[in-house]
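Down below is the structure, laid out as C-alpha cells.
The values are calculated or read from the model by the stated rules, or taken from the named source; none is laboratory data. As the structure is a computational prediction, the values presented were derived from the model and not from experiment. Cβ coordinates were reconstructed from backbone atoms using ideal geometry, including for glycine residues, and neighbour counts include every protein chain displayed. All accessible areas refer to the heavy atoms of the entire protein, side chains included, with ligands and DNA or RNA removed. Shrake-Rupley method; radii C 1.70, N 1.55, O 1.52, S 1.80 Å.
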Amino acid sequence: MIPYGRQDITQADVDAVVQVLQSDYLTQGPMVPKFEETVAQHVGAKYALAVNSATSALHIACLALGLGKGDWLWTSPITFVASANCGLYCGANVDFVDIDPRTYNLCPIALEKKLIEAESANRLPKVVIPVHLCGQPCDMAAIRALSDRFGFKIIEDASHAIGGKYRGEFIGNGRYSDITIFSFHPVKIITTAEGGMALTNDADLANKMALLRSHGITRDPAQMTHESDGPWYYQQIDLGFNYRMTELQAALGVSQMARLDQFVARRHELATRYDQLLANLPVTRPWQHPDSYSGLHLYVIRLQLDQIGKTHRQVFESLREQGIGVNLHYIPVHMQPYYKAMGFKAEDFPEAKRYYTEAISLPMFQTMSEAQQDQVIAAVEKSLLS
Ligand SMILES: *Cc1c(COP(=O)(O)O)cnc(C)c1O
C-alpha cells in the first residue's frame with residue numbers, strides 16, 4: 001500500500017535522538033528550547049512553545065486568549081476535529097463558517113456575512129481559527145481586517161502548513177494573527193512523533209501558554225505572589241496541564257527542521273507532476289492562490305462526478321483495492337455525531353457538504369518516488385475510466 005503520507009527519517013535524525021537518550025536530560029533539558037528557537041527563527045516569530053501535540057497547543061492558545069464559558073469559537077467545518085474541540089475544552093460554544101469552493105479554506109465572504117448577523121444578535125465570536133487546509137494559507141489579510149472590525153482574536157491552525165508562505169513570508173510569523181499552531185504528527189511535513197507548537201509575538205500570551213503547558217507552575221520570582229521560601233520553591237499561580245514535549249522529540253524536531261525547505265520543495269515537485277499527469281482526467285486539481293506558497297501537506301482532488309460513471313465511494317474503494325492509501329480530509333466536523341447532537345445539520349454548510357462528496361487525498365510525502373506516483377496515476381485512471 002502506498003500511504004497518503006509518511007515520515008522521512010534519516011540516520012542523522014536517529015543519531016540526534018540517540019544522543020539525547022544518552023544525555024542527562026530526557027525531559028526539561030536544553031533541546032526543547034533549542035527546537036523552539038530553531039522554528040521561531042525559521043518562520044520569523046518572537047516566541048515559540050513546543051508541546052506534546054497540536055491539540056494541546058490549540059487548547060492552551062484558546063485559554064491564553066481568555067476563551068471560556070459563554071464565548072464563541074468559529075472555525076472551518078473542513079478540518080480535523082481538534083480545531084473545533086479546543087473551544088469545547090474551554091467551555092465555549094463552537095460554530096463554523098462555510099468554505100471557499102476554490103481553496104476549501106474558511107471563506108472570508110461567508111465570515112463577514114456571519115459576523116454581521118452575529119453582531120446584531122450580540123453573539124460575536126471571541127476566537128476564530130482559520131485552518132490552512134492542505135498547507136495552502138487562508139486569506140489572512142481579509143480575515144485580519146475583519147478581526148480589526150469585529151474584535152475577535154485569531155489562531156491560525158497551521159498544522160498542514162509549516163514551511164509554506166503567505167504573500168512571500170513564512171506562515172507562523174504572526175503578521176495577521178495572535179497565535180499560530182503547528183503539528184508534528186508523522187503524517188505532517190516535519191515530525192517529532194507526537195508534538196506541536198504555538199508561536200506568537202506577544203510576550204504576555206507566550207508567558208501564559210508557558211504556564212499552562214506545565215501545571216501553571218512558575219519558578220520565576222518576578223511572577224510569584226510573595227517572596228520565595230527558599231531555593232526549592234516554586235509556585236502554582238494558574239491551573240495548567242502537563243503538555244510538555246520530551247527532549248527526544250525536540251532533538252528529532254531540530255534535526256528535521258534542517259530539511260524543512262527541502263521537504264516542501266520536494267512536495268511542490270510532486271504536486272506539479274500530479275497537476276500534469278491528472279490534466280486530462282475528470283477531476284478538479286488543487287487550485288493554488290498566486291499569492292501563496294503552500295506547505296502541501298495534502299494533495300486533494302475532487303471528482304467531477306457528472307463525467308464519471310461511478311460514485312465517489314466506488315472510486316475511493318477501487319483506489320484502496322489497487323493498493324493506493326487514499327484518504328478523505330475531512331469528514332466535515334459539523335457532521336460528526338458529537339456535533340450533530342448539538343443541533344448542526346449537514347446542510348448548514350453546503351460547500352463543505354459538497355466537498356465531502358467529491359474529495360480524495362492522493363498520496364503526498366517527500367520520499368515518494370516518481371515510480372510510486374506513476375502507480376497512483378495508473379490506479380486513478382483505472383478507477384475513473386474503467
Ligand atoms: C493534525 C491536525 C491537528 C492535530 O494535531 P496533533 O498534533 O495530532 O494533535 C489539528 N488540526 C489540524 C488541521 C490537523 O491536521
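General remarks:
- Where N is the number of residues in segment 268-316, Cα Rg divided by 2.2 N^0.38 Å: 1.28
- Directionally averaged projected area (segment 260-385, Cα convex hull): 9.2 nm².
- For segment 51-93, fraction of C-alpha pairs farther apart than 14 Å, in %: 41
- Convex hull volume per residue, computed on the Cα atoms of segment 1-137, equals 165 Å³.
- Summary of the geometry: segment 129-179 and segment 352-368, compared by the centres of their Cα atoms, lie 22 Å apart.
- Note on segment 260-385: with neighbouring protein chains present and a 1.4 Å probe, carbon and sulfur make up 49 percent of its accessible heavy-atom surface.
- Basic side chains Lys and Arg get +1 at the Cβ, acidic Asp and Glu get -1 at the Cβ, and with that the dipole of the chain about its Cα centre reaches some 660 debye.
- Gain upon complete extension [Thr225, Asp348; 0.36 nm per residue less C-alpha separation]: 39.4 nm
- Each 10 Å bin, from zero up to the one with the longest distance, holds this percent of the alpha carbon pairs of segment 157-228: 18, 38, 29, 12, 3.
- Per-pair calculated FRET efficiency, R0 = 51 Å: Ser23 and Glu370 via Cβ, rounded to 0.05: 0.80
- Normalising the Debye intensity of segment 78-145 to I(0), with uniform scatterers on Cα atoms only, and taking log10 at q = 0.12, 0.13, 0.14, 0.21 Å⁻¹ returns -0.32, -0.37, -0.43, -0.96.
- Ligands, DNA and RNA left out, the accessible area of segment 2-257 computed with a 1.4 Å probe is 51% carbon and sulfur.
- Solvent exposure of the chain, expressed per residue, is 43 Å² of accessible area, with all protein chains present and a 1.4 angstrom probe.
- When the chain is treated as a Gaussian network with alpha carbon springs shorter than 10 Å, the biggest mean-square fluctuation among Leu106, Leu58, Leu124 belongs to Leu124.
- The convex hull defined by the C-alpha atoms of segment 2-257 has an orientation-averaged projected area of 15.2 nm².
- Each of Asp261 and Ile109 was given a label point 7 Å from its Cα along the Cα-to-Cβ line. The distance between the two points is 3.7 nm.
- Between helix 54-64 and the chain: long-axis angle, C-alpha atoms, 0 to 90°, nearest 10: 50
- Other residues lying with their Cβ under 10 Å from the Cβ of Tyr104 contribute a combined charge of 0, Lys and Arg counting +1, Asp and Glu -1.
- Inter-site label distance for Ala142 and Ala121 at 7 Å from Cα along Cβ, in nm: 2.2
- Only one residue of Val51, His297, Leu63 has its Cα farthest out toward the positive end of the dipole of the chain, where Lys and Arg carry +1 and Asp and Glu -1 on Cβ, and that residue is His297.
- Gly295 long-range amide H proximity, modeled H, under 5 Å: Gln136, Gly164, Lys165
- Relative contact order [Cα under 8 Å, 6+ residues apart], segment 260-385, whole percent: 34
- Full extension of the segment from Asn93 to Thr311, taken as 0.36 nm per residue of separation minus the current Cα-Cα distance, would add 74.9 nm.
- Using C-alpha pairs under 8 Å with a sequence gap of at least 6, the mean separation divided by the residue count of the chain gives a relative contact order of 23 percent.
- Spacing of the modelled spin labels on Asp15 and Asp275, each 7 Å from Cα toward Cβ, amounts to 3.7 nm.
- Comparing mean-square fluctuations of Gln249, Gln136, Gln41 from a GNM of the chain with C-alpha springs under 10 Å, the top value falls on Gln41.
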